[in-house]
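Okay, so here's the structure we're looking at.
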Amino acid sequence: MTATILVVEDELAIQELIALNLKKAGYLVLCADSAEQARKMSNNVLPDLILLDWMLPDLSGLEFARKLRGEERTKNIPIIMLTARTQEHDKISGLDAGADDYVTKPFSPRELLARIKAVLRRRIPEISDDILEVGGLRLDPVTYRVHAETAGKLIELSVGPTEFRLLHFLMAHKERVHTRTQLLNRVWGDHVFIEDRTVDVHIRRLRKLLEQVGKEHLVQTVRGAGYRFSVEKQEESAEL
Ligand code: CA
């Protein structure tokens, strides 16, 4: 999965330089030169990460970060602040406003890319191309293959695209409970108007696939809460 990064920077030369480097690194890039434009853009497409300049013509980056954190739709988007300031109290106020990290200008493209990668890996592990191995399942996001180890043999599962994304998300966030709405937003994308029940349908399909290799117990229903991928045994399984 390719991450979409929104660059909010009013100095066009810097904006272009960043955009160029991000595109070269394989990211999808959106650019805004004010907080207002950035707000409108993220109403259309929710970015996976925001690079936010401290000094903007309308709102300061700091105020904008607080706004993003205060709204349900945008509160979980990772933010990296770009700042010319190096004073300690500025860094602290940036982190207080909800930024995940900050990069001080002038910075090298390589440093910026490393910071972005680290924040994405920490905050949105399902975006990374890392191979995941949990509970005898092995999922490779690059080759789109899922293998299961059962009775000492490695068996490849034939997983459809939606089930693959769902399994990838669940494995990347193992042991955590996700509501249907969270799964819809994170796996199907927000602004997708489908019913919560769709999640149940795909969970059922996923379990059926895992049943072939005796691993359906990994996808668990947590009564009244949602679903979870867990290697811990569940006492009773219940319908949501
Ligand atoms: Ca600026």
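Only the coordinates and a few stated rules stand behind these numbers; no lab work does. The structure presented is a predicted model; accordingly, all values stated were derived computationally and were not measured. Reconstructed Cβ throughout: ideal geometry from the backbone, glycine too, with neighbour counts over all protein chains shown.
Within segment 201-216, is even one residue in contact with a Pro (Cβ under 8 Å, 6 or more places away or on another chain) and closer than 25 Å to Glu149 by Cβ? Show your work before the answer.
Just the residues of segment 201-216 that are in contact with a Pro (Cβ under 8 Å, 6 or more places away or on another chain), to begin with: none.
No, there is no match, as no residue in segment 201-216 is in contact with a Pro (Cβ under 8 Å, 6 or more places away or on another chain) and closer than 25 Å to Glu149 by Cβ.
With respect to the numbered conditions (1) more than 20 Å from the chain's Cα centre (by Cα); (2) surrounded by 13 or more Cβ atoms within 10 Å (Cβ to Cβ), which one is the sole condition not fulfilled by Phe169?
(1)
So which residues in segment 97-110 are exposed (fewer than 12 other Cβ atoms within 10 Å of the Cβ) and among the charged types (D, E, K, R), if there are any at all? If you could, list the steps in order and put the result at the bottom.
If we filter segment 97-110 for residues that are exposed (fewer than 12 other Cβ atoms within 10 Å of the Cβ), which is where we start, we get 106, 108, 110.
Selection gives Arg110 alone.
Would you kindly identify the strands (runs of 3 or more DSSP E) lying entirely within segment 1-88 that contain at least 3 residues that are touching a strand residue (DSSP E or B) at 6+ places or on another chain (Cβ under 7 Å) and more than 16 Å from the ligand (Cβ to nearest atom)?
Values: elements: 4-8, 28-32, 49-53, 79-83.
The qualifying strands (runs of 3 or more DSSP E) are 28-32.
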